[in-house]
Amino acid sequence: MVEEIIIAGIGGSLRNGSYNGFLLKACQKAMPQGSRLEILNIANLPLYNQDEENKPSAEVAEFKSGIRKAHGVLFVTPEYNYSVPGFLKNAIDIASRPVSENPFMGKPAGIMSASMGQFGGMRAQYHLRQILVYLDMVPIQKPEIFVSGAHAVFDAEGNITDADLAKRIAQYMAKLVDRSRKLKA
Ligand SMILES: Cc1cc2nc3c(=O)[nH]c(=O)nc-3n(C[C@H](O)[C@H](O)[C@H](O)COP(=O)(O)O)c2cc1C
């Protein structure tokens, strides 16, 4: 029997109605057969404090375990001041420690962003790529998905109204799942 591929989804923003949250949910719906996207909650994580590294709270332990059991990770991030939001960097920092237990290591990473601006969060993605180098992840290089003008791309329920974008997302998730299956083997 072929093992199901699990992708951990990290992202969105903390606000209700987040376009990145809508995008993450759209990715979840677009998963190919034999795979699933498990969205991990980062809203309740504490601020990283090295004193707590060896005694993680229940939220931290659950978050790390969600990444550990996944075969790949999808980051869907807003752009804040030309970079990734602090809450996302904080979540990555928390999960990445101690270094000997880094659950991201060697896993494929997908990256998407949505912004109301015309660049679709491009600058945040390139900062995130730099972070993924230290995490020792294997990012998808092409295609890149920058959702610009995000306020015009989703309806009030968060469904994608742009058929071309929906198609590109499905293709991207198929590629991420395929890469995850190959790397697992
Ligand atoms: C603190 C802050 C900084 C922002 N900086 C940028 C930015 O650098 N580039 C950009 O395109 N949009 C920027 N925005 C606008 C966000 O792209 C927009 O609020 C977007 O909807 C956030 O994603 P969300 O809908 O998932 O919350 C910023 C928003 C906030 C709150």
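Computed values, structure above
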| read-out | value |
| --- | --- |
| Hits in region 127-147 (condition: under 14 Å from residue 80 (Cβ atoms) and not aliphatic (A, V, I, L, M)) | 127 |
| Output for region 97-128, where each listed residue is more than 16 Å from the ligand (Cβ to nearest atom), in contact with a Pro (Cβ under 8 Å, 6 or more places away or on another chain) and either closer than 19 Å to residue 42 by Cα or acidic (Asp, Glu) (or both) | 109, 110 |
| For residue 10: the one exception among (1) modelled with pLDDT of 95 or more; (2) closer than 17 Å to residue 181 by Cβ | (2) |
| Checking residue 169 against (1) within 17 Å of residue 18 (Cα to Cα); (2) crowded, with 19+ Cβ neighbours inside 10 Å, the condition it does not meet | (1) |
| Within region 22-33, considering residues that are in a loop (DSSP other than H, G, I, E, B) and surrounded by fewer than 17 Cβ atoms within 10 Å (Cβ to Cβ), the one nearest to the chain's Cα centre (by Cα) | 32 |
| Close pairs (6 angstrom Cβ cut-off, 6 or more residues apart or separate chains): under 17 Å from residue 112 (Cβ atoms) in region 154-168, part of a helix (DSSP H, G or I) anywhere | 154/22; 158/22; 160/26; 160/166 |
| Selection from region 44-94 of residues that are within 16 Å of the ligand (Cβ to nearest atom), surrounded by fewer than 13 Cβ atoms within 10 Å (Cβ to Cβ) and either among the aromatic types (Phe, Trp, Tyr) or modelled with pLDDT under 95 (or both) | 82 |
| Scan of region 34-55 for residues that are among the charged types (D, E, K, R) and not in a strand (DSSP E or B), ordered by number | 51, 52, 53, 55 |
| Within region 1-21, tally of residues that are outside any helix (DSSP H, G or I), buried (at least 17 other Cβ atoms within 10 Å of the Cβ) and within 14 Å of the ligand (Cβ to nearest atom) | 6 |
| Residue that is modelled with pLDDT under 95 and loosely packed, with under 15 Cβ neighbours inside 10 Å, where the choices are 185, 163 | 185 |
| Residue 114 being closer than 19 Å to residue 96 by Cβ, among the small types (Gly, Ala, Ser) and crowded, with 21+ Cβ neighbours inside 10 Å | no |
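The values are calculated or read from the model by the stated rules, or taken from the named source; none is laboratory data. None of these values were measured; they are calculated from a predicted model. All Cβ positions, glycine included, derive from the backbone under ideal geometry; neighbour counts span all protein chains shown.
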